[in-house]
Amino acid sequence: MSVPFQLVLYQQIHMHDEDPLQPVTTDETVSVGGTVTLTCRVAESDNSSLQWSNTAQQTLYFGEKRALRDSRIQLYRSTSTELSITIADVQLSDEGEYTCSIFTMPVRTARATVTVLGVPGKPQISGFENAVPEGGKVTLTCISTGSKPPAKLIWYRGDQELEGRPNVVEPVPDDPTYNVSSELTLEVSRSDNNALITCAVDHPSLAPGDKRSEQALRVLYSPIVEIRPANDLPREGEKFYLQCVGNSNPEPASYFWEKKDGELPPLAKVDGAFLRFEMLNKSDNGVYHCRADNIIGSSEGEYTLLVQEDAADNIADPTAMLSSSGVDHAVIGGVVAVIVFILLCLLIVLGRYLIRHKGTYLTHEAKGSDDAPDADTAIINAEGGHSGAEDKKEYFI
């Protein structure tokens, strides 16, 4: 981790004003296994050589000349005003102060501190060897070793951060690194089954999410029973089954079928989680119960079976259709015949009534001419007649 370039430039300008031959360096931070670059600059040159020395004051480079036989250390750049070297595969033992010198009169020096970060190991989760019954508690322990400075451990359930106990930091004997541990206690429910619990390491040597471990929870719980039919419209005469689905961990070990208020139908056969009907009948209607059991407990579900009539029956039996059609036609024909007969009777009675009244009218009109001795008397009788005269009526049938 270098000092900002603007600060280095300011230092160089400032030193140029005071002492242009004073070397300028920057502190660096590097992770174990990484590569660090050490740079030493002066504002002006008097042809004096620059030199880098390690923490033990051993000369690494004097100008372009290698002084220490260490293949990890290489020359990066050498000019009259700059000497830069690189150290690869940095180890914790490389941490400390490095010195840049310029051999003028007097000798001028500048120091650069190299900080080496101990990279944490991948966290290890323990404490969950066996499945836990629903409602029980489980305590997980996460450990990460070899960090410098001490790492921070964070717990997650999915993407949700969980609050564990404070981290415990233990220094490693005869080593500048630390071991860090953390505990997490959870009360589990059936929804936690197969949930992923993650322990992640937070450390300046790592990018977020670089080091993490996951542990899947295993929760034991009793069945929740659901009865599923083969289809939603069971029809008479068809094959059919009911399936008893027990959502549990572990899976149900046994199933028990019964019919409410009665025994199972003779043609219904129990086949583990299935109740099979070879041929549905109206007598199969009713409420069916299924109980599923596992080592944690048991649960029941129910299903109401309503068998529908087979709509194809009437189509498949043309005799029934013809018989039904013949009965309907006979009834309609009888009703029509009665209506026609009643109408004929009414017409006959009405006709006779009209004819009878017409004959009476004609007889009255001719009565005067029948009894008159002469034409004049007939006319008079036809217009009024005698009060004592006897009417003569004539009927036509």
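Here is a yes/no grid of residues against (1) farther than 30 Å from S191 by Cα; (2) in a loop (DSSP other than H, G, I, E, B); (3) at pLDDT 95 or above:
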position	(1), (2), (3)
Q243	no, no, yes
E251	no, yes, yes
W257	no, no, yes
N314	yes, no, no
S324	yes, no, no
A330	yes, no, no
Worksheet item: So, of the residues in segment 141-174 that are surrounded by 13 or more Cβ atoms within 10 Å (Cβ to Cβ) and among the charged types (D, E, K, R), which turns out to be farthest from R218 (Cα to Cα)?
Response: K148
Worksheet item: Is there any pair with a first residue in segment 34-45 that is within 25 Å of V119 (Cα to Cα) and a second that is of a type in the set (F, W, Y) and open to solvent by less than 30 Å² (accessible area, probe 1.4 Å) whose Cβ atoms are under 9 Å apart and which are 6 or more apart or on different chains, and what are they?
Response: L38/W52; L38/Y98
Discussion item. I'd like to check something: does segment 210-217 contain any residue that is touching a Leu at 6+ places or on another chain (Cβ under 9 Å), closer than 29 Å to V32 by Cα, assigned to a strand (DSSP E or B) and not polar (S, T, N, Q)?
Written reply: yes
Worksheet entry | Residue within segment 143-164 that is closer than 30 Å to Q51 by Cβ and in contact (Cβ under 8 Å) with a residue 12 or more places away in the chain present | yes
Worksheet item: Can you find a residue in segment 275-283 that is out of contact with any Asp or Glu (no Cβ under 8 Å at 6 or more places or on another chain), charged (D, E, K, R) and farther than 22 Å from D310 by Cα?
Response: no
Worksheet item: Name the residues in segment 79-130 that are buried (at least 16 other Cβ atoms within 10 Å of the Cβ) and of a type in the set (A, V, I, L, M), would you?
Response: L83, I85, I87, V90, I102, A110, A112, V114, V116, L117, V119, I125
Worksheet item: Residues of segment 286-309 being assigned to a loop (DSSP other than H, G, I, E, B), touching a strand residue (DSSP E or B) at 6+ places or on another chain (Cβ under 7 Å) and open to solvent by 50 Å² or more (accessible area, probe 1.4 Å), which ones?
Response: I296
Worksheet entry | Members of segment 246-276 that are touching a residue at least 40 places away in the same chain (Cβ under 8 Å) and not charged (D, E, K, R) | G246, S248, N249, P250, P252, A253
Discussion item. One residue is enough: does segment 118-130 have a residue meeting the conditions in contact with a Phe, Trp or Tyr (Cβ under 6 Å, 6 or more places away or on another chain) and at pLDDT 95 or above?
Written reply: no
Worksheet item: Does segment 105-117 include one or more residues that are assigned to a loop (DSSP other than H, G, I, E, B) and touching a residue at least 12 places away in the same chain (Cβ under 8 Å)?
Response: no
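The values are calculated or read from the model by the stated rules, or taken from the named source; none is laboratory data. Only a predicted model underlies this, so the values are computations on that prediction, with no experimental measurement involved. Virtual Cβ from ideal backbone geometry, glycine too; neighbours counted across all protein chains shown. Ligands, DNA and RNA are stripped out before the accessible areas are found, and what is left, the full protein with its side chains, is counted by its heavy atoms. Shrake-Rupley method; radii C 1.70, N 1.55, O 1.52, S 1.80 Å.
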